[in-house]
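Worksheet: one structure, shown below.
The values are calculated or read from the model by the stated rules, or taken from the named source; none is laboratory data. Here the structure is a predicted model, which is why all the values come from computation and not from measurement. Here the Cβ is made from the backbone with ideal geometry for all residues, glycine too, and neighbour counts use every protein chain on show. To get the accessible areas, we keep the full protein, side chains included, count just its heavy atoms, and leave off ligands, DNA and RNA. Shrake-Rupley method; radii C 1.70, N 1.55, O 1.52, S 1.80 Å.
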Amino acid sequence: IIGFSCAFALGLLFNILACIISHSGYPIIVVASYFLAPFPNLICKNNDSFSSENGVIHDVGLFLTGFLIASGFAIPCILAHSDIISTKALGFSIGGGVIVYATIIAFLWYFNREDEENKDW
């Protein structure tokens, strides 16, 4: 857990450095997508143990999660394209996004794997 929190803090540090390099606070907008991205998937997860189908609600949750993840990379690209932030700030923001999303995926994978191992007995 300590490693996950250190990696997440490193990703946030990269976004703060992007704000410092660009002399504006616009790159910090991406942090909202970091916190909002896992929620649609967690809310719309199918918890019905009698049905093997995922359903439309689960697909909507996956779509919204993918939309938030894509917007986490698209917002800095749009800001750099319109010359609001520099390309260095774009690199820091994209690098922070990769670190944060990889940390979230690894965290969810690790703890879901542990739950699946305990279901066997």
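Below is a table of values for the structure above.
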{"quantity": "Apportionment of accessible area to carbon and sulfur, region 1-118, percent (1.4 Å)", "calculated": "72 percent"}
{"quantity": "Cα centre as origin, Lys/Arg/Asp/Glu Cβ charges: the chain dipole, Debye", "calculated": "520 debye"}
{"quantity": "Chain lengthening between ASN112 and SER82 when straightened (0.36 nm per residue, less Cα-Cα)", "calculated": "6.7 nm"}
{"quantity": "Relative contact order for the chain, counting Cα pairs under 8 Å that sit 6 or more residues apart, in percent", "calculated": "38 percent"}
{"quantity": "Max mean-square fluctuation residue, GNM over the chain, Cα-Cα springs under 10 Å, options GLY55, GLY11, GLY96", "calculated": "GLY55"}
{"quantity": "On Cα atoms only, tilt of 87-118 relative to the major axis of the chain in degrees", "calculated": "10 degrees"}
{"quantity": "Angle in degrees between helix 56-81 and the longest Cα principal axis of the chain, rounded to the nearest 10", "calculated": "10 degrees"}
{"quantity": "Answer label for Rg and Dmax of the Cα atoms in Å (calculated), chosen among [x] 13.3, 39; [y] 17.0, 57; [z] 31.1, 96", "calculated": "[y]"}
{"quantity": "Derived scalar couplings ³J(HN,Hα) [region 9-22; Karplus, 6.51 cos²θ - 1.76 cosθ + 1.60; whole Hz; x for Gly, Pro]", "calculated": "5, 5, x, 5, 4, 4, 6, 5, 5, 5, 5, 5, 5, 7"}
